[in-house]
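> Below you will find the structure I want to go over with you.
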Amino acid sequence: VVLRPASGSRQQDAPGAADGLALASDPGGTVNFLAMVENLQGDSGRGYYLEMLIGTPPQALNILVDTGSSNFAVAGVPDPDVTAYFNPELSSTYRSQGIEVTVRYSQGSWTGVLGTDVITMPKGLYGSYTINIATILESENFFLPGVKWHGILGLAYDALAKPSSSVETFFDSLVRQAKIPNIFSLQMCGAGLPVPGSGTNGGSLVLGGVEPSLYTGDVWYTPIKEEWYYQVEILKLEVGGQNLELDCREYNADKAIVDSGTTLLRLPEKVFSAVVQAIARTSLIQEFSSGFWTGSQLACWDRTEKPWPLFPKLSIYLRDENSSRSFRISILPQLYIQPILVIGDNLQCYRFGISSSTNALVIGATVMEGFYVIFDRAQRRVGFAVSPCAEADGSPVSEIEGPFTTADVASNCVSSVSFHEPMLWIASYALMSLCGIILLVLIVLLLIPPRCQHRYTDNDVVNDESSLVRHRWK
């Protein structure tokens, strides 16, 4: 194995109903789920995107699918890093709401203006729908060179919507106007393929139900613990079949979410260290450089060799709808040892598809590419089934097994004290009030009229490290 600096590569993070439901949302009386199969393009390094037509006459844009955020936003002015943008002045159906909105990420942000316009999806639901749209007028480190999308489709709950939860989300608008069930499902097909690929790996976003051709075997459901992100409950992790033996609350510190806008499997720092130690201990590689695990180096092998047999399987246990049972989703090394760079004629370099996080366990594309994931909002649960496109060299690279007993774990692995966004609202307003009182006292005492300006509180910031622009290769 040859270790190379990772600086030459770049990662961009892009955040039930019965099968085959008959729905009255088009003239034929049904939603054609098959029409939505392979309606996505992209790859795990740059995100998966859906073509959308916005305005009258329609303007075609590629929109990143992100289950870890809740705003629908598109480039609204020319930008050197986007190939197309939405011009509201050219749309006769655009209506500005005159409300400025800013979404800040840990390493990027955008500011825009809220409005409404009609959208259609060439490979989505039949018909046109009036949707809240933020036109991005300024951005920093949001659109990056090489991405092929021009906006973001936030599919999480309205609790995360900016500037407030009163902004109806894209999917809530579809449910209300198209009268579809409150459920969507997602398949991303990039397993075993180079991360900075051609952008045509493909995938499927099925709005309003479940398409049976996109999975094999049974669907296993885990409850949604809280409706903001798609927060779930992790019970334990295994590496190579060996339990990490951590307190299950460590896996949920301070939340565990399913987020298509994150490229990696992100683990709380204590869990990440345990996983790295377990992989290093059980792999067939001795004295592997720490730079590979931290993302600062790539590991390179001769192109005739495949490194995957050298590494163990990784399993994540999720609580079943029956709380006394669990099931496990497993990914083989083909999903977390990811080809990223070719050097010369002989070397293929790989990155480690797992990283540490200070505030969340994030099931991102590293894991999601192994499964058909069902976001059943109606029954407050997330489903996982094996995806038939999760193969490398003709062999499956993901598994689902169960049920297992939960007698060996706590009855609740989610901390009762977690600083979620609604609490941040309360805290920020309390701090603002305190700030106002203190300044009022100072005015009286000093006869100086300073003003306490509120620019950004934690509530204005999508500050979860799993967000679209948080984790990049520099």
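> Count, please, the residues in the stretch 284-308 that happen to be part of a loop (DSSP other than H, G, I, E, B) and hydroxyl-bearing (S, T, Y).
Residues in the stretch 284-308 being part of a loop (DSSP other than H, G, I, E, B) and hydroxyl-bearing (S, T, Y): 3 in total.
> Part of a loop (DSSP other than H, G, I, E, B), out of contact with any Pro (no Cβ under 6 Å at 6 or more places or on another chain) and open to solvent by less than 10 Å² (accessible area, probe 1.4 Å), is that true of T263?
Considered against the rule, which asks whether it is part of a loop (DSSP other than H, G, I, E, B), out of contact with any Pro (no Cβ under 6 Å at 6 or more places or on another chain) and open to solvent by less than 10 Å² (accessible area, probe 1.4 Å), T263 comes out as yes.
> Quick check: anything in the stretch 229-246 within 18 Å of the chain's Cα centre (by Cα), among the polar types (S, T, N, Q) and assigned by the TED database to the domain that holds V382?
Checking the stretch 229-246: at least one residue is within 18 Å of the chain's Cα centre (by Cα), among the polar types (S, T, N, Q) and assigned by the TED database to the domain that holds V382.
> A further question follows. Give the residues of the stretch 140-151 that are part of a strand (DSSP E or B) and surrounded by 21 or more Cβ atoms within 10 Å (Cβ to Cβ), sorted by residue number.
G151
> Another question, if that's okay. Against the condition at pLDDT below 95 and either surrounded by 24 or more Cβ atoms within 10 Å (Cβ to Cβ) or touching a Gly at 6+ places or on another chain (Cβ under 9 Å) (or both), how does E399 come out, does it pass?
Criteria not met by E399.
> Does K306 count as of a type outside the set (V, I, T), within 14 Å of E399 (Cα to Cα) and open to solvent by 10 Å² or more (accessible area, probe 1.4 Å)?
no
> Specify which of the listed residues (S395, S415) is within 25 Å of A253 (Cα to Cα), of a type in the set (S, T, Y) and in the same structural domain as S326 (by the TED database).
After ruling out the rest, the residue left standing is S415.
> Then there's this: What are the residues in the stretch 69-109 that are closer than 30 Å to E227 by Cβ, of a type in the set (F, W, Y) and modelled with pLDDT of 95 or more, if any?
Within the stretch 69-109, F72, F86 meet the criteria.
> May I pose another question? Test V210 against the criterion of being modelled with pLDDT of 95 or more, closer than 20 Å to S398 by Cα, outside any strand (DSSP E or B) and assigned by the TED database to the domain that holds I400, and give yes or no.
The answer is yes for V210.
> Please go through the stretch 268-299 and pick out each residue that is open to solvent by less than 70 Å² (accessible area, probe 1.4 Å) and hydroxyl-bearing (S, T, Y).
Matches in the stretch 268-299: S273, T282, S283, S289, S296.
> Can you name the condition, by its number, that Y157 falls short on among (1) open to solvent by less than 40 Å² (accessible area, probe 1.4 Å); (2) modelled with pLDDT under 95; (3) over 20 Å from D43 (Cα atoms)?
Condition (2) is where Y157 drops out.
> State which residue is farthest from L50 (Cα to Cα) when the search covers only the stretch 115-133 and only residues that are assigned to a loop (DSSP other than H, G, I, E, B) and among the hydrophobic types (A, V, I, L, M, F, W, C).
Selected residue: L125.
> A further question follows. Going by what's in this entry, would T83 be described as surrounded by fewer than 19 Cβ atoms within 10 Å (Cβ to Cβ) and assigned to a strand (DSSP E or B)?
no
> Continuing with this model, one more query. So, of the residues in the stretch 123-138 that are modelled with pLDDT under 95 and within 23 Å of the chain's Cα centre (by Cα), which turns out to be most open to solvent (accessible area, probe 1.4 Å)?
So, considering only residues that are modelled with pLDDT under 95 and within 23 Å of the chain's Cα centre (by Cα), the one most open to solvent (accessible area, probe 1.4 Å) is K123.
> Here's another thing I want to ask about it. Could you pull out the residue among S356, S326, S330 that is open to solvent by 20 Å² or more (accessible area, probe 1.4 Å) and either farther than 30 Å from I180 by Cβ or assigned to a loop (DSSP other than H, G, I, E, B) (or both)?
S356
> Turning to a different aspect of this structure: Which condition number in (1) surrounded by 16 or more Cβ atoms within 10 Å (Cβ to Cβ); (2) part of a loop (DSSP other than H, G, I, E, B); (3) not aromatic (F, W, Y) is the one that G112 fails?
(2)
> From E250, E233, E227, grab the single residue that is modelled with pLDDT of 95 or more and within 22 Å of G370 (Cβ to Cβ).
E233
> Right, here's the next one. Could you pull out the residue among Y221, Y251 that is open to solvent by less than 10 Å² (accessible area, probe 1.4 Å) and either in contact with a Lys or Arg (Cβ under 9 Å, 6 or more places away or on another chain) or in a strand (DSSP E or B) (or both)?
Exactly one residue qualifies, and that residue is Y251.
> Sort out which residues of the stretch 263-293 are among the charged types (D, E, K, R) and at pLDDT 95 or above, and write them in order of number.
R266, E269, K270
> Then there is this: Residue check: is G192 at pLDDT below 95, open to solvent by 20 Å² or more (accessible area, probe 1.4 Å) and either assigned by the TED database to the domain that holds L155 or on the phi > 0 side of the Ramachandran plot (or both)?
yes
> Open to solvent by 40 Å² or more (accessible area, probe 1.4 Å), part of a loop (DSSP other than H, G, I, E, B) and touching a Ser or Thr at 6+ places or on another chain (Cβ under 8 Å) - does that describe any residue in the stretch 309-320?
Within the stretch 309-320, one or more residues are open to solvent by 40 Å² or more (accessible area, probe 1.4 Å), part of a loop (DSSP other than H, G, I, E, B) and touching a Ser or Thr at 6+ places or on another chain (Cβ under 8 Å).
> Specify which of the listed residues (I63, I54) is within 25 Å of L265 (Cα to Cα) and at pLDDT 50 or above.
I63
The values are calculated or read from the model by the stated rules, or taken from the named source; none is laboratory data. This structure is a prediction, so every number in the text was calculated from the model and none was measured. So basically every Cβ, Gly included, is an ideal-geometry build from the backbone, and we count neighbours across all protein chains shown. All accessible areas refer to the heavy atoms of the entire protein, side chains included, with ligands and DNA or RNA removed. Shrake-Rupley method; radii C 1.70, N 1.55, O 1.52, S 1.80 Å.
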